[in-house]
Ligand SMILES: Cc1ncc(COP(=O)(O)O)c(C=O)c1O
């Protein structure tokens, strides 16, 4: 039985529930909430009643569902995350890192990794992947660069990288895992954008844990058609499931949403089935067909070295921002993120052929526009500033707000990142440089700095 069928049986039974949640299946529903969720959401929204399981200490239906999901994804153990990949990333850091521990992190990391640093008090050793200037995106993290950093920083406990990145750039996880294990380090991969891998490795490659990583965290809502914020944590042989469970319990609610838990199980079961595979194959073939139409187009160019579900496109003579504005204002098409060079349009199982056709038509029309005035190129200052205090200490220190010009030379008291993708420009604890302020000049008038420093 699945968690859904177990819940259904209890919910439809005559059992009198003097338990939470207070709506008691569909006995009371706030009228506007009914419009949002319908009745069935409430019928499935039980707590850990007799016969159901406890996400914080799974022993029955949730445990067997997670075991089956782990088998389907080919990993030793797996955890359902009802608060997105963010919670898995933080929990994995809480499992392996303690105050002042060193951790090697690729700087193009998500906000949740920074939150993990604040919560653990671990201290980052940064690695900065090369910036591909043609597309203004980060290149893969190089295994040899990781090895160099591990030799220079012998006390590093774990390595955290993002692969694939938001834009779909994938690092050589097999080689990186070999380097990490050669030096006895744990490898954690933020694979939030790579959840389709396990279900269609012939196109997307194997998931990071199958390639040797110790932990990979994937958002099922980003590409697999699951609702926000369904995600999973995949673990390999070196990971003690009890430690991960304890860390998850530090940050999870004690009232998890069963509809979310069911959605995770059902999404995995479906995508691993022949019908699910057909859906992914349909998506891949629609995207290939869509891109093929532009093969001989001299002005429209697609990035061809990334995960093909992430459509990164640029038009000659036009900045990514102009392209993004034109798509939105003239064609009602919204992209996920934009940079100076290109616009990123994410696809997933909900992307229809018709939607891709509409995008294709819009791109062709925009490519015929007369050259637009380019917005000035502002290269994000991605270098590693000098850390003056740990992120945790800086984050919890007393701060003051000063004008941007007066902040140069002071210690930053906040996290300043461009969102999306949320990659940090400046972190609390880092020394503010002139280049930061030049970049931030039209974006931020004041900056929080550490008081009296
Ligand atoms: C690279 C990366 N990692 C992690 C996350 C967090 O994922 P979630 O929204 O599932 O918490 C995101 C979200 O945008 C992301 O882009």
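The values are calculated or read from the model by the stated rules, or taken from the named source; none is laboratory data. As the structure is a prediction and not an experimental result, all values here were calculated from the model. In this analysis, Cβ positions are derived from the backbone assuming ideal geometry, glycine residues included, and neighbour counts consider all displayed protein chains.
Suppose we filter 355, 310 for residues that are closer than 30 Å to residue 271 by Cβ and within 18 Å of the chain's Cα centre (by Cα); which single one remains?
310
Residue by residue through the stretch 336-355, note down the ones that are touching a helix residue (DSSP H, G or I) at 6+ places or on another chain (Cβ under 6 Å) and assigned to a helix (DSSP H, G or I). 353, the sole residue that qualifies.
Inclusion of residue 117 among residues that are assigned to a helix (DSSP H, G or I), crowded, with 23+ Cβ neighbours inside 10 Å and within 16 Å of the ligand (Cβ to nearest atom) is warranted. Every test in (1) part of a strand (DSSP E or B); (2) more than 30 Å from the chain's Cα centre (by Cα) is passed by residue 425 save one, and that test is (2).
Taking the conditions (1) within 18 Å of residue 71 (Cβ to Cβ); (2) surrounded by fewer than 20 Cβ atoms within 10 Å (Cβ to Cβ); (3) within 16 Å of the ligand (Cβ to nearest atom) in turn, residue 267 satisfies each one other than (2). Within the stretch 260-311, restricting attention to residues that are without any contact (Cβ under 8 Å) to a residue 24 or more places away in the chain and touching a helix residue (DSSP H, G or I) at 6+ places or on another chain (Cβ under 6 Å), the residue that is nearest to residue 327 (Cα to Cα) is 302. Yes or no: residue 88 assigned to a helix (DSSP H, G or I), at pLDDT 95 or above and either touching a helix residue (DSSP H, G or I) at 6+ places or on another chain (Cβ under 7 Å) or assigned by TED's automatic domain parsing to the domain that holds residue 114 (or both)? Yes, satisfied. Contact annotation: residue pairs with Cβ atoms under 6 Å, 6 or more positions apart or on different chains, pairing a residue in the stretch 98-110 that is assigned to a loop (DSSP other than H, G, I, E, B) with a partner that is surrounded by fewer than 16 Cβ atoms within 10 Å (Cβ to Cβ) and modelled with pLDDT under 95, are 107/128. The listed residues are 232, 189, and the only one of them that is under 16 Å from residue 166 (Cβ atoms), part of a strand (DSSP E or B) and within 11 Å of the ligand (Cβ to nearest atom) turns out to be 189.
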